[in-house]
Each structure stands twice: as C-alpha cells, then as structure tokens.
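A short write-up of the structure that comes next.
The values are calculated or read from the model by the stated rules, or taken from the named source; none is laboratory data. Keep in mind the model is a prediction, meaning the values are calculated, not measured. FYI the Cβ positions are ideal-geometry reconstructions off the backbone, even for glycines, and counts take in every protein chain you see. Please note that ligands, DNA and RNA were not included when accessible areas were found on the heavy atoms of the full protein model with its side chains. Shrake-Rupley method; radii C 1.70, N 1.55, O 1.52, S 1.80 Å.
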Amino acid sequence: SNDSEDTELRFVTCQSLWNQIKSETEQIQEDLNKQLFDNLVNFLRRSHSEFQEKTAEWTCRMKSREIPTAALVLGVNVTDHDLTLRSLSEVLQDNVTPYVALLEAKDCPGIKNLIQKLMGQLMNCYIDVGSLEDEDSVQVSQSRIRCSMTSLINWYGNVTKKTDSETPSKKTTSSSRHWQSPPVVVVFKDLESFTTKVLQDFIVISSQHIHELPLVLIFGIATSPMIIHSLLPHSVSSLLCIELFQSLSCKEHLSTIIDKLLLTPQFPFKLGEKVLQVLLNIFLYHDFSVQNFIKGFQLCVVEHFYSQPLSVLCCQLVDSKKRVNSLSHDQCENIRRLPSFRRYVERQASEKQIALLTADDFLKETIQKLLEELHVYHENYVPVLRCLHVFTSSLPKYPLGKQIRELHCACLENRVWETEEYESSLQLARMLNKSDLVTMLQQCVEIFVSSSGKEFDKTAEKLEEFLTQFQKLEAEAFQEQDVSVSSQKELQKKTDLYHLQKTLLELKESRRSKKLTKFEMLRFEVVDYIDSLVRNYLVPADHKTLHEIVYFNTASVLRGHLNAAPRTALHTALNNPYCYLKNEALKSDGGNISNKAPDICIAYKLHLECGRLINLVDWLEAFSTVVTAAEGPNADTPSSDQVDDIIHARFIRAVSELELLGFIKPSKQKTDHVARLTWGGC
C-alpha cells in the first residue's frame with residue numbers, strides 16, 4: 001500500500017480483466033473441442049445402442065469379444081492433455097453416463113492397482129451422481145471391497161437395477177441426462193506410459209466380461225495410433241474394435257487463441273513484440289503447450305499491473321473520462337515521465353508544452369484525447385492487418401510469414417513497409433492472376449464490412465469498386481478476343497507482300513513497347529491502395545503516445561520468470577541467501593562468510609575457495625571456524641583438536657546436500673577427499 005495510492009484499484013482492475021480473458025479462453029476451447037466431443041458421443045451412442053438392442057452385430061462382437069475403443073490422438077502437447085480429457089469427462093458425465101474413470105500410468109503400475117483405481121473412481125461417481133438420501137447407498141470403504149472384475153460387474157448390475165426401480169419422477173430426471181444402462185467409460189490419459197503387461201491383462205480380462213459390462217475404452221495418444229500395435233500383440237489388439245479420432249492441432253489452437261485475445265479491441269491489454277516473441281518461442285521450441293502460453297499471458301497481465309502504476313487506465317480506453325479526471329498529481333507526474341509522452345510534448349508548440357508540463361487539468365484533457373486515439377488505433381489496426389494477411393498468406397514462399405501472428409510481430413517490431421520482405425511481397429502481389437486477386441478483394445471487403453472501425457465504410461466501397469472494374473474488364477476481354485480473331489482472319493486474307501510486312505512490323509513494334517494492359521494497370525492500382533492502408537494504419541505500437549499504459553514490453557522480466565536457469569538460481573541462493581530469505585542478519589559485505597547463514601551456504605562458499613580436490617578434514621576445520629566465530633570463550637568449548645559432534649553432524653549433512661545437488665562427488669584417488677564438479681561464475 002506504500003508503493004502507490006491506487007494499488008487496490010490496480011489489483012481489482014487486473015483481476016477483472018483476467019476473469020474476462022479467462023472466460024473467453026474457456027469458451028474458445030469449448031468451441032474448438034465441440035466437434036471432437038460430438039464425434040466421441042456419437043461413437044458411444046452407436047456402441048451403446050448395439051449393446052442395448054442386442055443386435056446381430058453386437059452378438060457377433062460378443063463372440064469375438066471385441067471392446068469398443070476410441071483412439072484419441074491429442075498431439076505432442078502433453079501438458080494440455082489433462083485439461084482436454086477432463087473436459088471430455090465432464091461432457092460425458094453430463095450427457096451420456098455417470099461412470100467415467102480417468103486412469104494415469106503412474107497410478108497403475110500393476111493390474112491390481114488399475115482395477116482398484118477404476119473401481120474407486122466409478123463408485124465415487126455413483127455416490128456423487130446418485131441420490132444420497134438413502135443411507136443404504138454404496139457407503140462401503142474402498143479397502144473393504146474386493147477389487148476384481150466380478151465385483152465391478154456385480155456393482156454395475158446393482159446400480160443399474162436400482163436406477164430402473166426408482167420412482168418415475170426420479171427416473172425421468174436421470175434419464176434426461178444419462179442413457180438407460182449407461183456404458184462404463186475408461187479413459188487411459190497417457191497410453192504410451194502404460195506398461196504392456198498391464199494393458200494386455202486388463203483388455204483380456206475385460207473382453208471376457210464384455211457381454212455383462214458395457215465397457216468402452218478411450219486411449220489418449222500423444223504420438224501415433226501405431227503405438228497401440230507396438231504396445232499390444234495382435235492377439236490382444238484383435239480384441240479391440242478401434243475407431244480413430246483426431247484432436248485439433250496445437251498450432252491451430254494457438255492461432256485461434258491469439259486471434260481472439262490479442263488481435264481484437266475487446267481486451268485493451270496488449271503484448272509487445274519482444275514479449276510475444278518470447279511466448280511464441282517457448283511454445284514452438286519447448287512444449288507446444290497452449291495452456292502454458294495462456295499461463296505466460298496471465299503472468300504478463302499480472303506483471304504489467306504490478307510494475308506499471310498507470311495500468312489502472314488500461315481498462316478505461318473506451319470510457320476513460322471519469323478515470324482520467326480522478327488522476328492525482330503524482331499520477332500526472334508519472335504520465336509526464338513516460339518516454340512516449342515526452343516525445344509527444346517535444347512536437348508541440350512552446351505554449352502547449354508549458355501547459356502540458358505544469359497544468360494538470362489541461363494534461364487530463366489531453367490524456368483523454370490520446371487514450372481515445374489509442375483505442376481508435378486498435379480498432380483500425382486489426383482489420384488492416386487481416387487484409388494484409390489475406391494477400392501475404394497466398395504468396396509463394398511467404399515473405400512475411402504464413403501465420404497472422406508472424407505478420408503481427410513484424411508490424412509491432414518496426415515499420416513493416418520499410419522491410420525487404422514487404423517489398424518482395426508487393427512485387428509478388430503485382431503478379432497475381434485475376435481470379436486470385438478477385439478472391440482476395442472479396443475477403444477484404446468482408447473483413448472491413450464486419451469491422452468496428454468507423455473509417456472503413458469508404459474503404460469497403462473502394463474495394464467493391466475495384467471488383468466492379470474487374471468484372472467490366474472480363475466483359476471487355478471477350479470482345480477483344482473476338483476482334484483479334486477477326487483481325488487474324490483479315491491478315492490471312494491479305495496476299496500483298498507490302499501490306500503483310502507492314503502489319504508484321506507493327507505487331508513486332510507493339511510487342512517491343514509492351515504497354516500495360518488495363519488489367520495490369522488495375523492490378524497495380526489495387527496493390528498500391530492496399531499499400532496506402534498499411535502505411536496509414538499499421539504504424540508500430542511503440543510510435544503511439546501512451547502505449548506504455550496498454551502494452552507490456554519487459555521481455556527480460558518475462559524471460560526470467562519462464563526460462564529456468566537452475567544453476568544461476570542455486571548459485572545465488574547458496575552464495576547470497578539474503579536474496580531469497582530476506583533476513584537482515586544474512587547480509588554480508590564482499591566475500592565475508594556469515595556464521596548466521598544456513599550450513600549448506602557456509603559449506604558452499606568454502607568449497608568455492610578450493611581446487612579440484614577438497615580435503616574433508618581441512619574443509620571441516622574451516623566450517624567449524626566459521627560456525628563458532630561469534631561464540632565467546634566458554635569452559636564447555638571443546639579443544640582445538642576435538643570437533644563438537646553437533647558441528648560434525650551439521651557438516652556431514654551440508655556436504656551430503658552439496659553432493660545431492662551435484663557440486664561434489666567422492667574421489668577414487670584419495671579416500672579423505674572429494675572432487676569438485678563445478679567451475680566458473682554464473
């Protein structure tokens with residue numbers, strides 16, 4: 001509360017903004033997974049109807065003992081699998097069956113553990129979903145239940161019979177959500193991590209009881225569906241009736257997240273080019289995790305509101321009058337210190353400069369106008385960026401990148417029209433054929449018509465005018481084609497050598513001059529118009545006044561949070577424990593070793609002064625000297641030849657911890673020495 005007078009308001013504003021972003025993100029993920037989940041529900045419906053109706057196909061499957069199995073390929077972004085499968089479990093429990101179990105390989109080292117985990121989850125599902133009014137419900141503890149497939153079948157028979165014997169009112173409410181005799185769905189979250197023997201035993205046992213228990217398996221696969229045949233021999237995989245399902249690519253998922261969160265004026269908070277590049281690099285070169293990207297985005301929001309005192313204005317871009325008028329004098333001074341505002345003041349007349357630097361009321365009016373301009377800039381930036389992406393994404397070799405996020409980073413970094421990639425893109429765009437050009441113009445018209453920017457009505461009309469001219473050219477082309485055919489026929493009719501040579505020379509001269517056709521001239525005009533839009537609306541954000549209020553640009557802070565440097569952190573913690581513990585007694589001047597520091601810190605600092613081999617006796621004596629340095633003379637103090645047992649034990653523990661961390665190891669050359677493993681500074 002001492003840092004700023006509006007700390008609480010900044011916290012509330014940050015929390016409110018992130019809640020909006022979080023709800024939007026959850027809605028995006030739900031929409032992206034909807035098609036996949038619908039397909040899985042349809043698969044369960046087909047399998048369940050066959051079990052319920054006892055059709056000939058199910059009878060045939062009973063004889064072959066096949067288990068309906070969905071092979072769900074989720075991709076290599078393993079950290080996102082848990083959220084996807086939990087969302088799937090919720091969808092199934094809400095619409096299909098209350099009996100869904102999620103199994104992980106770490107919890108199922110053997111078949112007994114797997115059955116125990118399965119029964120525990122299923123019975124909890126029943127207790128949660130079913131009526132808890134009856135005390136005779138399944139209240140038996142898991143330890144008293146014999147975990148076997150027979151027990152599971154008996155339990156399933158009891159709960160389904162109980163559901164059938166319920167009163168009509170209860171039965172109606174339950175059947176509206178769940179199917180009659182609902183299937184038992186078992187989800188293997190990380191199939192590749194399960195041992196072959198556990199999978200084989202479970203599948204073989206389950207196939208023998210498939211006529212009594214409507215079991216459906218879902219395999220969560222990170223690599224390829226071929227892993228099923230690698231883990232299971234043919235005799236076991238033949239017991240599965242497998243259907244393949246593919247989730248959305250993590251890159252497509254990320255593109256949608258960026259499109260809905262960053263490339264929209266809905267959320268005023270924005271990421272700077274370097275910060276966005278850090279998050280994209282972690283995604284592309286480390287884990288492909290969309291969830292980690294969202295966590296990094298959340299960290300940027302928190303860090304921005306924590307470090308920027310003026311971030312309270314971030315969420316008031318549209319209606320900022322009330323917030324701006326309530327600015328204090330200190331906040332006005334903070335605005336005057338912003339680099340972008342100082343550049344703005346330097347461009348003004350001297351009288352206005354004095355008013356901006358001295359009069360708070362005049363400053364607030366100016367800030368109001370600048371914030372409105374910043375909001376309009378964001379409204380205009382996104383449609384033009386999308387229009388430019390329509391052109392650049394269809395060009396060969398993708399000079400400005402195939403994805404819109406790459407183009408967005410290029411526009412944030414500097415004036416994109418001054419780059420070589422942009423010039424080459426324009427040259428390629430001037431060679432597009434008519435059909436591609438018309439298609440792009442139609443897409444751009446749709447973008448500008450649907451945009452919220454008020455300045456794009458004339459832009460859409462201009463593009464539609466270009467489309468009309470292309471249609472007229474197409475009609476004229478048919479007429480010119482007829483004229484050229486007739487002229488060639490006339491040329492063939494002319495048998496006079498003089499007239500024939502004259503006509504051929506005229507054709508040759510016209511080919512040499514190569515005058516631009518009407519289509520080429522119109523194509524140049526279209527590309528130049530798109531170029532003018534780019535130069536007007538895609539100005540880099542750091543060229544706009546007060547961009548620091550909205551944009552988070554401190555990439556080094558984000559990199560320090562997300563890119564782990566364990567050796568540096570260990571060295572800092574052991575060499576300067578005050579950095580983490582914030583204990584005033586641990587402050588040390590220069591290279592002094594404080595006896596108040598933890599034992600491992602004292603041992604670590606002493607080991608830095610040693611060579612390749614460290615004598616344990618000398619190390620112990622130095623450790624004892626540091627530890628007992630502040631103690632005065634005492635009759636109970638042991639002699640110099642004798643080390644106190646407690647200090648000896650503390651030293652042994654500190655050395656063991658350093659060995660565990662990898663700083664030292666036992667030496668085979670000398671038994672009373674240890675070898676040092678780390679060198680150089682961090």
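Looking at Val527, Val539, Val534 in this structure, which one is assigned by the TED database to the domain that holds Glu379, part of a loop (DSSP other than H, G, I, E, B) and surrounded by 14 or more Cβ atoms within 10 Å (Cβ to Cβ)? Full working, then the answer.
Numbers: Val527 fails: part of a loop (DSSP other than H, G, I, E, B); Val534 fails: part of a loop (DSSP other than H, G, I, E, B).
Of Val527, Val539, Val534, the one residue that is assigned by the TED database to the domain that holds Glu379, part of a loop (DSSP other than H, G, I, E, B) and surrounded by 14 or more Cβ atoms within 10 Å (Cβ to Cβ) is Val539.
Can we say His561 is within 30 Å of Pro268 (Cβ to Cβ) and open to solvent by 70 Å² or more (accessible area, probe 1.4 Å)? Taking the combined requirement at face value, the residue satisfies it.
So, His211, is that one open to solvent by 40 Å² or more (accessible area, probe 1.4 Å) and modelled with pLDDT under 90 or not? So His211 fits the description; yes. Set side by side, the residues Leu36, Leu17 differ, and just one is modelled with pLDDT of 85 or more, farther than 17 Å from Leu83 by Cα, within 24 Å of the chain's Cα centre (by Cα) and surrounded by 13 or more Cβ atoms within 10 Å (Cβ to Cβ), which is Leu17.
In the stretch 309-355, what count of residues is obtained for those that are in a helix (DSSP H, G or I), under 42 Å from the mean Cα position of the chain (by Cα), of a type in the set (A, V, I, L, M) and at pLDDT 90 or above? Reasoning before the result, please.
Going residue by residue through the stretch 309-355, those that are in a helix (DSSP H, G or I) are 309-316, 321-325, 329-336, 339-346, 350-355.
Right, trim to under 42 Å from the mean Cα position of the chain (by Cα) and you get 309-316, 321-325, 329-336, 339-346.
Restricting the remaining residues to those that are of a type in the set (A, V, I, L, M) gives 310, 312-313, 324, 335, 345.
When the remaining residues are screened for being at pLDDT 90 or above, the result is 335, 345.
Matching residues across the stretch 309-355 total 2.
Count of the stretch 628-646 residues, restricted to those that are surrounded by 13 or more Cβ atoms within 10 Å (Cβ to Cβ) and either more than 26 Å from Thr572 (Cα to Cα) or modelled with pLDDT of 90 or more (or both), is 3. Assuming Phe466 fulfils every condition listed in (1) open to solvent by 90 Å² or more (accessible area, probe 1.4 Å); (2) at pLDDT 70 or above; (3) within 22 Å of Leu522 (Cα to Cα) apart from one, which condition is it? Status for Phe466: all satisfied but (1). Quick check: is even one residue across the stretch 240-255 buried (at least 17 other Cβ atoms within 10 Å of the Cβ) and over 30 Å from Pro68 (Cβ atoms)? The answer is yes; a qualifying residue exists. Could you tell me whether any residue of the stretch 191-201 is surrounded by 16 or more Cβ atoms within 10 Å (Cβ to Cβ) and in contact with a Cys (Cβ under 9 Å, 6 or more places away or on another chain)? Yes, because at least one residue in the stretch 191-201 is surrounded by 16 or more Cβ atoms within 10 Å (Cβ to Cβ) and in contact with a Cys (Cβ under 9 Å, 6 or more places away or on another chain). Cβ separations smaller than 9 Å between residues 6+ apart or across chains give the following pairs from the stretch 371-396 residues that are more than 22 Å from Thr256 (Cα to Cα) and open to solvent by 10 Å² or more (accessible area, probe 1.4 Å) to residues that are among the basic types (Lys, Arg) and modelled with pLDDT under 90: Val376/Lys454. Scanning the stretch 429-461 for residues that are over 33 Å from the mean Cα position of the chain (by Cα) and of a type in the set (A, V, I, L, M, F, W, C) yields Met431, Leu432, Leu437, Val438, Ala460.
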